[in-house]
Amino acid sequence: MRVVATYNIKGGVGKTSAAVNLAALAAQDGLRTLLWDLDPQGAASFLFRIRPKVKGGGGKLVRGRSDVVDLLRGTDVEGLDLLPADFSYRHMDLALDATGKPTRRLRKVIAPLAEHYDLAMLDCPPSISLVSESVFDAADVLLVPLIPSTLTVRTFAQLGDFVSGEVAHRPRIVAFFSMVDGRKRLHREVVSTLPASNMDDVVASAIPAATEVELMGVERAPVVVSAPHSRAARAYRSLWDEVRPRVGV
Amino acid sequence: MAGQAWQTRQAMAPDVAIVSYALPTGVDPPALLAYLDKRFPVIAEAEASRSYTVLDTADRRLRAAGVDLDLEAGRGGTRLVLREAGGRAPLVADVRRPRRHRYLLRDLPAGQLRDRLGPIVEMRALLPLATVRVGAQLVRVLNADDKTVARVSLARPMALVGSGDARPVPLTPRVDVSGVLGYAKPLGRVTAAVRRGPKGGLVDDPVSVADEAIAANGGDPDGIRTKVRVDLRPDQRTDRAAVAVLVDLAGMVEANLPGTLADLDTEFLHDLRVAVRRSRSVLRELKGAFLPEPLATQRDALRWIQAITGPTRDLDVQLLDWDHLVSGIPADRHAALAPVRALLVRHRAAAFRALRRELRGPAYRQAWDGYRSFLAGDLGPARERPDAKQPIVDVAGRRIRKVYSRMLAMGADIDAASPATDLHELRKRGKELRYLLELFGGLWPRAVVKPMVRSLKELQDMLGVHQDREVQATYLRGLAGELASSTGGPAALLALGVLVDRLDAEQHEARDAFAARFAAFAAADQQALVAKVFS
């Protein structure tokens, strides 16, 4: 099982949208796929119409006291299962801190699922914390959505430095532009000039700022399922086609 | 093909499974859909159609292992899809160059699917056994959040029969109900409703689509058997019991003949030879059930068939064992052995051509027709056939005891100085005993026959390796002259020497194991049991 985490220190950049759509595409491609909604807001769980509730909460889960298999839920996309969010995940830092080797913990939680899935997608909450360190340790690939802005380069460099310096198991970093508005000159400029310093990869596919993506909350389904021929869905397909070989699945 | 959530779930916790039902006569999929629609919030998706070819070995090894293998041709190309009854997600492999008649393991792309098939199919060919077209409608059952909590697939399968303009033959419509991970309760409700079904309920656990399609195509869903299936009674007359077994074995010879002639895989010829060998054993061991003269003719006929099929089989064994043998010698010699293998392949091709000529020729037809007539005809006056009217349990029991005693005496005489031929003779006798036990063992308690077969098999396996290595080493030594004059000959000769040493070493290892294997076979309690049970 290969592990991909959608991550950005900032919120509202399209992490969850990328996670649910790429996970759905992976499942449509025949990969046995798991999506773990790590964000206590539970947006990914909501999109799949699954209650954001984990029996025993996040604390029990990271301490290894819950049987992770019992917590899984099948989504409407065949081949894609979800480990739902739980509001208690907001205290996951504390729960991790109370365990031995906290940064190894999330890897341990999903380890029993390795033989049943080809791909695990972790949808992470924003911030740099013990949770993100544990995610970095568990992930083979960090998939980073970037909104084209002047601060993007700085945020990105921070992430690259952090992963290079602080994380023992260094995941491959793959970035893509998200919520791109082609009418804005700034967006166009940043997309064409972002230096690839500290980055393993910036892929060419960009996700547009599109109404269909925003409508996912109404449709409660990934856009690649509800509007598979839309511009946004095509962009996610193109992104997945670029990301998949980098993940090695 | 998407992996199925229920399958992951089933593999981890088998409480959510796929359940299949056949629709009873008079209930079609639309009627069942209407029935479901009245009871649950459902969404019915548009019917989708797919065609595929059912692949399996001639002896249905995949079916026995709970595996379905389909070859599907679509816009994106041709692919193999492997589904398991055990609940794992399907494995898929793209096929670059689709084949018409067979797939050997080496024809499949490397990957999980081939790895899974390897230990099941071994050297057997995957053959197209039937072509199916299925129109299926997926019905999703929803909960209050409009979330899918169970899936019902309504399928109308058809077998496509005949080549060219294939004729569609409708098969039993069926329903597959599958759960969604984490939603066991709704699945239970849906399954209960489907099971009750319209018009008095559905049929549980129907015959598989593949089996129905194979039968519709005129094939036998059980495939070619290697085990004799004859109901014998202990008090049955020996001649009738013998003929019943021989007729069954003759059917196996005939069933394996087309595959042998088409050279689909090595096991058609192997199984054909085993059936002939078993038939010869029956004629030999139960000779008192037949008149001497027709018996001698038929034994000669079968011996001849055994002889003409021998060279090809010997070379098949050489090539089947090749990777194993080569793996045991230093890697830097492997390349030098390429001319040896090439020579074996050429010899095998020549042997096979000769075999095919014989099997298609008048001599074979005459021998086989004569043998069939012998089995179907009058066996002659019973008074001239001393065992004819004896109960089979007595005659076969007597023979088992006798052959066992003979093996004890032969084995006891074998020591480190005995020639290889002594072990070979013992092995031949062991085959007689094994066939007697396999063909007639059902007349005695399983608890007695099974351990005896086990200890005999262990002895025979050892003797088999001993003999195979003897034959292989002798054959390879005989290639020296031919090799010397070929390109890369000198290097190949040196490597051949190493290979023959390896064969000799394996033969010695087998021989070293003889004393222990024979001791188990000849153990005092075993002897006492044989004397008591088969008296």
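Overview of results
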| read-out | value |
| --- | --- |
| Test result for B:Gly182, outside any strand (DSSP E or B), in contact (Cβ under 8 Å) with a residue 12 or more places away in the chain and either loosely packed, with under 15 Cβ neighbours inside 10 Å or in contact with a helix residue (DSSP H, G or I) (Cβ under 8 Å, 6 or more places away or on another chain) (or both) | yes |
| Criterion (touching a residue at least 60 places away in the same chain (Cβ under 8 Å), among the charged types (D, E, K, R) and in a helix (DSSP H, G or I)) met by exactly one of B:Asp314, B:Asp323, B:Asp332 | B:Asp314 |
| In the stretch A:26-43, the residues that are within 14 Å of another protein chain (Cβ to nearest Cβ), under 19 Å from A:Thr16 (Cα atoms) and of a type in the set (A, V, I, L, M) | A:Ala26, A:Ala27, A:Leu34, A:Leu35 |
| Matching residues in the stretch B:222-256 - criterion: being closer than 24 Å to B:Asp387 by Cβ, of a type in the set (Asp, Glu) and in a loop (DSSP other than H, G, I, E, B) | B:Asp231, B:Asp235 |
| Evaluation of A:Arg234 against (1) under 25 Å from A:Asp29 (Cα atoms); (2) within 17 Å of the chain's Cα centre (by Cα) (one fails), failing number | (2) |
| Per-region count, the stretch A:11-25, residues within 14 Å of another protein chain (Cβ to nearest Cβ) and in contact with a Ser or Thr (Cβ under 7 Å, 6 or more places away or on another chain) | 1 |
| Condition check for B:Pro362: at pLDDT 95 or above, more than 30 Å from B:Met462 (Cβ to Cβ) and loosely packed, with under 12 Cβ neighbours inside 10 Å | yes |
| Strands (runs of 3 or more DSSP E) contained entirely in the stretch B:27-109, each with at least 1 residues that are within 14 Å of chain A (Cβ to nearest Cβ) and surrounded by 14 or more Cβ atoms within 10 Å (Cβ to Cβ) | B:42-44, B:67-74, B:77-84, B:91-95 |
| Residues of the stretch B:332-350 that turn out to be surrounded by fewer than 17 Cβ atoms within 10 Å (Cβ to Cβ), at pLDDT 90 or above and not charged (D, E, K, R), as a count | 4 |
| Among residues of the stretch A:162-184, those that are under 20 Å from the mean Cα position of the chain (by Cα) and over 20 Å from A:Leu239 (Cα atoms), counted | 6 |
| Condition broken by B:Lys389, with the remaining ones in (1) assigned to a helix (DSSP H, G or I); (2) within 25 Å of B:Asp235 (Cβ to Cβ) satisfied | (1) |
| Residues that are surrounded by 12 or more Cβ atoms within 10 Å (Cβ to Cβ), assigned to a loop (DSSP other than H, G, I, E, B) and of a type outside the set (D, E, K, R), drawn from the stretch A:151-189 | A:Val167, A:His169, A:Pro171 |
| Residue, surrounded by the fewest Cβ atoms within 10 Å (Cβ to Cβ), within the stretch A:49-106, restricted to residues that are without any contact (Cβ under 8 Å) to a residue 12 or more places away in the chain and within 14 Å of chain B (Cβ to nearest Cβ) | A:Asp67 |
| Criterion: touching a residue at least 40 places away in the same chain (Cβ under 8 Å), basic (Lys, Arg) and farther than 27 Å from B:Ala524 by Cβ - qualifying residue of B:Arg469, B:Arg477 | B:Arg469 |
| Subset tally (residues that are surrounded by 15 or more Cβ atoms within 10 Å (Cβ to Cβ), of a type in the set (A, V, I, L, M) and more than 16 Å from B:Arg240 (Cα to Cα)) for the stretch B:280-313 | 4 |
| Failed item in (1) more than 14 Å from every other protein chain (Cβ to nearest Cβ); (2) in contact (Cβ under 8 Å) with a residue 24 or more places away in the chain; (3) surrounded by fewer than 24 Cβ atoms within 10 Å (Cβ to Cβ); (4) assigned to a loop (DSSP other than H, G, I, E, B), with A:Asn8 passing the rest | (3) |
| Flag for B:Val149 being part of a helix (DSSP H, G or I), crowded, with 20+ Cβ neighbours inside 10 Å and β-branched (Val, Ile, Thr) | no |
| Options B:Val141, B:Val132, B:Val169; residue that is assigned to a strand (DSSP E or B) and within 30 Å of A:Arg220 (Cα to Cα) | B:Val141 |
| Sole residue being more than 14 Å from every other protein chain (Cβ to nearest Cβ) and closer than 30 Å to B:Val141 by Cβ, chosen from A:Asp123, A:Asp140, A:Asp161, A:Asp118 | A:Asp123 |
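Condition check ((1) touching a strand residue (DSSP E or B) at 6+ places or on another chain (Cβ under 7 Å); (2) within 14 Å of B:Ala491 (Cα to Cα); (3) of a type outside the set (Val, Ile, Thr)) across all residues:
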| site | (1), (2), (3) |
| --- | --- |
| B:Pro339 | no, yes, yes |
| B:Val345 | no, no, no |
| B:Gly361 | no, no, yes |
| B:Ala367 | no, no, yes |
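The values are calculated or read from the model by the stated rules, or taken from the named source; none is laboratory data. On a predicted model such as this, the values are computed, not experimentally measured, just so you know. No Cβ is skipped: glycine too gets one built from the backbone with ideal geometry, and neighbour counts run over all protein chains shown.
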